[in-house]
1. Please work out if A87 is assigned to a helix (DSSP H, G or I) and not basic (K, R).
2. What about L233, is it touching a residue at least 40 places away in the same chain (Cβ under 8 Å) and closer than 17 Å to G131 by Cβ?
3. Just give me the residues in the range 304-349 being over 22 Å from the mean Cα position of the chain (by Cα) and among the β-branched types (V, I, T), in sequence order.
4. Could you give me the residue pairs with C-beta distances under 9 Å whose first residue belongs to the range 79-100 and is open to solvent by less than 60 Å² (accessible area, probe 1.4 Å), whose second residue is of a type in the set (F, W, Y) wherever it lies, and which are 6+ apart or on separate chains?
5. Consider the range 140-193. How many of its residues are small (G, A, S), assigned to a loop (DSSP other than H, G, I, E, B) and modelled with pLDDT of 80 or more?
6. Please specify each residue of the range 45-55 satisfying the condition of being open to solvent by 40 Å² or more (accessible area, probe 1.4 Å) and in a loop (DSSP other than H, G, I, E, B).
7. Out of all the residues in the range 208-244, which are part of a loop (DSSP other than H, G, I, E, B), within 26 Å of A374 (Cα to Cα), of a type in the set (A, V, I, L, M, F, W, C) and open to solvent by less than 10 Å² (accessible area, probe 1.4 Å)?
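The values are calculated or read from the model by the stated rules, or taken from the named source; none is laboratory data. Only a predicted model underlies this, so the values are computations on that prediction, with no experimental measurement involved. Methodologically, a virtual Cβ is constructed for each residue, glycine included, from the backbone with ideal geometry; neighbour enumeration extends over all protein chains shown. When the accessible area is computed, the model is the full protein with side chains, heavy atoms only, and any ligands, DNA or RNA have been set aside. Shrake-Rupley method; radii C 1.70, N 1.55, O 1.52, S 1.80 Å.
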Amino acid sequence: MDVSEKLFERACKVLPGGVNSPVRAFRAVGGKPRFLQKGLGSHVLDADGKEYIDFIGSWGPMILGHSHPDILAAVYERMTDGLSFGAPTALEVEMAERMVDMVPHIEMVRMVNSGTEAVMSALRLARGATGREKIIKFEGCYHGHSDAMLVGAGSGALTQGVPDSSGVTSGAARDTLIAQYNDLHSVETLLDANAGQVAAIIVEPVAANMGVVAPQEGFLAGLRALCDKHGALLIFDEVITGFRLAKGGAQEYFGVRADLVTYGKIIGGGMPVGAYAGSRALMEQVAPCGPVYQAGTLSGNPVAMAAGVTQLKILCDHPECYTVMEQSAAFLAQHLRESAAAHGIALTVNQIGSLLCPYFTDHAVTCFAHAKSADTARYARYFNSMLARGIYLAPSQFEAMFVSAAHTQNDLAFTVQAAEETLAAMAADA
């Protein structure tokens, strides 16, 4: 038994499922999780000393790679002055100023501690600002684990939400309505059926929790128009896309204005942090300026701010990294398509910016229903074969691959070769 297996055996005795977040348990792909102990650049090492090329990057925030020397130096310098104060520090001001400078249409920021907390707070603000209670979200879009967002579509795509997790009450889910991603008609139907009751539409601008599904032409602009028509706010959940698609996130990339934007760990360089942001008029409704209450002792933690400010500064100073990452992701996507076709394997690869996802299916994937129809058993085999060859992918069909600025041409060539070998073996056994 190797070290990771022993650690997992111990973990299962004291942690639910042996993990602190469900996808880490590898239950969607089989096998036992690798316990990681070190990351450097585009590579990670597990507890047994095995090295992998990492395409998870802590689920996105390691856009510059692991252990970037400038970020580590900023963290070391900051932590020697103290880890937490529960009081204002200069770094949180600098972080907010930098975000306002980088992102279109935001004027004020409130720091929180996670993407889940950012979404929860933004929804409360939307309800407080509009005096309305209902929220529209999209099937397959994940916005953290607050009660109102853990909602499935029920018996149909346009029904009111029902709880999608034990412990979530029907009351908490009652005001969450479910629409279909990339389907404006489903949104308009809900708005018409709930006239004057919808506070906000919340959306992942790129749906990155059903794999990777990009918005079709006109979808995000259509949401903006529907919100304006019906007096609802548009919330972009940019926990994945913020500062990854572009310096200004999805608002810059797609040229569509959101009323509120939520962020996660990328603004902390991978440390636990989040934020929500919007216009001054909206954000000044948050306490202590206004009646919408939200607080947190660790919000704006100085060590996390030091890491985040440094990462955002590097991204501003080196905008060419966005082009390089997009080219790298496109390279991988194209080679995966070509290799699968050569071996007679049905494979659709979605890619936008530095995000990509392979689906074992022969049809386009533009919504959650399409994503769910992909062959997850084949993905599990693909994942385990790639892992054995030293490629660390998401242990779930419904997660993204993240390309970082640290991935080298050698990394890409090695990954393409591993995929070629894996797909050839899968074809031979079919």
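1. Working: assigned to a helix (DSSP H, G or I): no; not basic (K, R): yes.
Spelling it out, it is not the case that A87 is assigned to a helix (DSSP H, G or I) and not basic (K, R).
2. Yes.
3. Residue satisfying the conditions is I345 alone.
4. M99/F243; M99/Y263
5. Selection size over the range 140-193: 5.
6. If the condition is that a residue be open to solvent by 40 Å² or more (accessible area, probe 1.4 Å) and in a loop (DSSP other than H, G, I, E, B), then D48, G49, K50 are the ones that fit.
7. As a first pass, look at the range 208-244 and keep what is part of a loop (DSSP other than H, G, I, E, B): 208-212, 214-218, 231-232, 238-244.
Still in the running and within 26 Å of A374 (Cα to Cα): 208-212, 214-218, 238-241.
Cutting the leftovers down to of a type in the set (A, V, I, L, M, F, W, C) gives us 208, 210, 212, 214, 239-240.
A208, M210, V212, listed by residue number.
Table: residues versus (1) buried (at least 18 other Cβ atoms within 10 Å of the Cβ); (2) out of contact with any Asp or Glu (no Cβ under 9 Å at 6 or more places or on another chain).
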{"position": "D317", "(1), (2)": "no, yes"}
{"position": "Y322", "(1), (2)": "yes, yes"}
{"position": "Q327", "(1), (2)": "no, yes"}
{"position": "Q334", "(1), (2)": "no, yes"}
{"position": "S339", "(1), (2)": "yes, no"}
{"position": "H343", "(1), (2)": "no, no"}
{"position": "T348", "(1), (2)": "yes, no"}
{"position": "I352", "(1), (2)": "yes, no"}
